[in-house]
Amino acid sequence: MSITICFFEDSKYTQFYPLTYLRPVYTLRAGIVPLFQRATRYFPDAHICLSARDLISPLTAEQNRDFPVNIIKRGDLDEVLFLNGRIRDYGDLPGLIRGSRISCCFKKNGEVVAALFKGESVEKIAKLAIPSDYAAQRKREGNDIVDFDTRATLYNYTWEIMADIEREVTEDFAVLRPSFPTTSQSIKRDGVHILKSDQLYIGEGTIVLPSAVLDASKGPIYIGANCKIESQVAIYGPCAIGPNSVIVAGKIAASSIGHTCRVGGEVEESVFQSYVNKYHAGFIGHSYVGSWVNFGAMTTNSDLKNNYSTIRLTVNGQSVDSGSIKVGSFIGDHTKFGIGTLLNTGINIGVCCNIFGGSLVTDKEIPSFSWGNTGSYQKYEVDKAVETAQRTTERRNQTLTEREKTVLRALAAKTDSNMGVINF
């Protein structure tokens with residue numbers, strides 16, 4: 001008997017804005033792989049599919065071609081398991097699922113972490129179905145579906161994902177390690193200073209220039225294929241660098257950098273999605289940065305208050321105490337910063353913003369399509385924002401697809417909705 005896993009979003013995806021404007025929460029990343037791909041640690045033979053909101057489902061399918069989106073195809077004897085895309089720690093959940101003989105829901109503090117369909121319950125659903133068919137079946141069965149408590153936990157906000165970078169890079173490295181070529185286990189590079197080479201992986205085609213420092217003494221370092229690590233770079237593990245990225249002079253520590261990024265200056269305990277350009281000096285710490293973001297020279301964020309108190313953020317209009325004394329910025333896709341921009345502690349910045357002026361940005365939350373700086377924002381016209389986004393992608397020999405343009409225009413018109421969210 002095999003299992004099909006479908007990752008879904010519940011209504012709390014809005015608590016991960018601005019990163020979830022253009023992507024489902026389960027495609028965010030703390031370590032080397034997206035959150036949903038961590039399921040293979042516990043269910044290595046599972047077939048994985050994705051459930052996405054209506055607005056972003058075509059874009060999700062376009063960007064995750066190896067995984068069916070909003071289609072569940074099962075075999076005669078398949079079980080179907082829905083996993084909440086916010087899942088943080090699997091805890092006892094894998095064992096509970098394997099030991100279950102009936103369809104059931106697994107909950108933590110009243111929230112559904114997982115829903116398992118098997119036996120007569122799953123047989124009442126077509127072999128080729130959409131995720132909402134399963135949710136409807138769950139509601140039809142009502143109290144016939146048993147609920148179990150689990151020790152698994154869920155993410156509630158983006159800064160919690162950021163807090164797990166070191167743990168997740170370490171765990172992903174351990175899972176991926178058997179697939180590494182044996183030649184990567186004892187690495188020597190002329191003029192490169194390497195500490196604890198057995199915790200270092202360098203992908204095929206990657207160039208590391210003399211005087212670079214790769215220090216894996218406190219955790220593993222993963223560097224993907226076809227990267228360039230230039231001179232005067234120091235990388236401190238646990239740290240992950242995605243394929244096709246260029247790291248120029250500076251320091252990167254305890255971070256997860258996506259593919260095709262250009263990174264210089266200082267980056268600490270932060271996640272960059274793909275195609276981020278931070279080529280110049282400046283500090284970004286305890287932050288989560290969306291794709292196609294450009295940092296002008298000396299752009300710097302604060303991640304610690306002078307009085308060392310916990311940091312409050314505004315997320316989707318709601319003020320929330322993070323409970324942490326170190327929180328930086330959360331930056332939506334296609335946002336640009338002019339030279340010398342200074343970002344105050346704990347700021348949420350939306351999609352397609354253009355922030356400039358060389359002064360301190362003090363807003364707690366900046367709406368998408370904002371142009372200017374604190375106290376003087378104007379609306380960034382969507383046609384001009386899309387045109388800039390298209391030019392940006394073309395500079396990297398990529399194309400801003402019609403699906404991306406559609407989503408950006410919908411966000412500008414505020415026509416996004418939660419259609420496609422699954423509630424069990």
*Total charge dipole magnitude, the chain, about the Cα centre, Cβ charges on Lys, Arg, Asp, Glu only, Debye to nearest 20*: 340 debye
*Using a 10 Å cut-off on Cβ atoms, rank the peptides 190-202, 78-90 from the highest mean neighbour count down.*
78-90, 190-202
*Considering only the other residues whose Cβ falls under 11 Å of the Cβ of Thr392, what net charge follows from Lys and Arg at +1 and Asp and Glu at -1?*
+1
_Going by Cα centres, segment 224-241 and segment 96-129 are how many Å apart?_
42 Å
*Whole-Hz ³J(HN,Hα) from phi, Karplus 6.51 cos²θ - 1.76 cosθ + 1.60, for segment 346-359, glycine and proline x*: x, 10, 9, 10, x, 7, 6, 9, 10, 10, 8, x, x, 10
*How high is the relative contact order of the chain, given as a whole-number percent (alpha carbon pairs under 8 Å, six or more residues apart)?*
13 percent
*How far apart, in nm, are the 7 Å Cα→Cβ label points at Ser319 and Arg41?*
3.6 nm
*About the Cα centre of segment 245-362, how large is the charge dipole given +1 on each Lys and Arg Cβ and -1 on each Asp and Glu Cβ? Please answer in debye to the nearest 20.*
120 debye
*Arg177: accessible area at probe 1.4 Å, nearest 10 Å²?*
70 Å²
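If Lys and Arg each add +1 and Asp and Glu each add -1, what is the summed charge of the other residues whose beta carbon sits under 12 Å from the beta carbon of Gly317? All intermediate terms of the calculation are to be shown ahead of the outcome.
Values: positive: Lys364; negative: Glu365.
For residues surrounding Gly317, the net value is 0.
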_Given a 1.4 angstrom probe, what's the average accessible area per residue across the chain, in square angstrom?_
42 Å²
*Of Asn109, Asn64, Asn226, which has the largest mean-square fluctuation in a 10 Å C-alpha GNM of the chain?*
Asn109
*Could you give me the radius of gyration and the Dmax of segment 245-337, taking only the C-alpha atoms into account and expressing both in angstrom?*
13.2, 39
*Computed FRET efficiency, Cβ-Cβ of Gln232 and Arg101, R0 51 Å: what is it to the nearest 0.05?*
0.30
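In the chain, what percent of the accessible surface is made up of carbon and sulfur (1.4 Å probe, ligands and nucleic acids excluded)?
49 percent
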*Sorting Val33, Val122 by accessible area (1.4 Å probe), largest first, what list results?*
Val33, Val122
*How much length is gained if the chain between Arg151 and Phe180 is pulled fully straight, taking 0.36 nm per residue apart and subtracting their Cα-Cα distance, in nm to one decimal?*
7.2 nm
*Work from the charge dipole of the chain (Cβ charges, +1 for Lys and Arg, -1 for Asp and Glu, about the Cα centre) and give the residue of Ser11, Gln378, Asn156 farthest towards its positive end.*
Gln378
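Based on the Cβ-Cβ distance from Lys414 to Asp54, what FRET efficiency comes out when R0 is 25 Å, to the nearest 0.05?
Plugging the Cβ-Cβ distance into 1/(1 + (r/R0)^6) gives 0.95.
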*Work out, step by step, the length gained on full extension between Ile130 and Arg65: first 0.36 nm times the residue separation, then minus their alpha carbon distance; give nm to one decimal.*
21.7 nm
*Under a 5 Å amide H to amide H cut-off, with H placed in plane at 1.01 Å, what residues pair with Ile422 once short-range neighbours are removed?*
Glu9
*What residues have an amide H closer than 5 Å to that of Lys228, excluding those fewer than 5 places away on the same chain, when H is modeled at 1.01 Å from N in the peptide plane?*
Ile207, Ser245, Val246, Ile247
*Ile241's amide H: which non-local residues (gap 5+, or another chain) put their own amide H closer than 5 Å, with H modeled 1.01 Å from N in plane and none for Pro or chain starts?*
Tyr222, Ile223, Gly224, Ile257
*Might you report the magnitude of the Cβ-based charge dipole of segment 1-140 about its Cα centre, with Lys and Arg at +1 and Asp and Glu at -1, to the nearest 20 debye?*
260 debye
*asked:* Students often get this wrong, so check it: of Lys218/Lys326; Lys73/Lys139; Lys108/Lys326; Lys108/Lys414; Lys251/Lys305; Lys12/Lys305, which have C-alpha atoms separated by over 30 Å?
replied: Lys108/Lys414
*Net charge near Phe43: determine it from the other residues with C-beta under 12 Å of the C-beta of Phe43, scoring Lys and Arg +1 and Asp and Glu -1.*
+1
*Mean residue ellipticity at 222 nm from the helices of the chain, using -39,500 (n - 2.57) per DSSP H segment of n ≥ 4 over the full residue count, to the nearest 500 deg cm²/dmol?*
-5000 deg cm²/dmol
_Explain nothing, just compute: Karplus ³J(HN,Hα) = 6.51 cos²θ - 1.76 cosθ + 1.60, θ = phi - 60°, for every residue of segment 50-63 in order, whole Hz, x for Gly and Pro._
10, 10, 10, 4, 4, 4, 9, 4, x, 5, 4, 5, 5, 8
*Which parts of segment 347-391 would a label at Lys405 reach, counting a residue when its backbone N lies under 12 Å from a point 7 Å out along Cα-to-Cβ?*
383-384, 386-391
*Could you work out which residue, out of Thr27, Thr406, Thr345, moves most in a Gaussian network model of the chain, that is, has the largest mean-square fluctuation with Cα springs under 10 Å?*
Thr406
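The values are calculated or read from the model by the stated rules, or taken from the named source; none is laboratory data. This one's a predicted model, so the numbers in the text were calculated from it and none came from an experiment. Note that each Cβ is placed from the backbone with ideal geometry, even for glycine, and that neighbours are counted across all protein chains shown. Side chains are part of the model used for accessible areas, which takes the heavy atoms of the whole protein and leaves out ligands, DNA and RNA. Shrake-Rupley method; radii C 1.70, N 1.55, O 1.52, S 1.80 Å.
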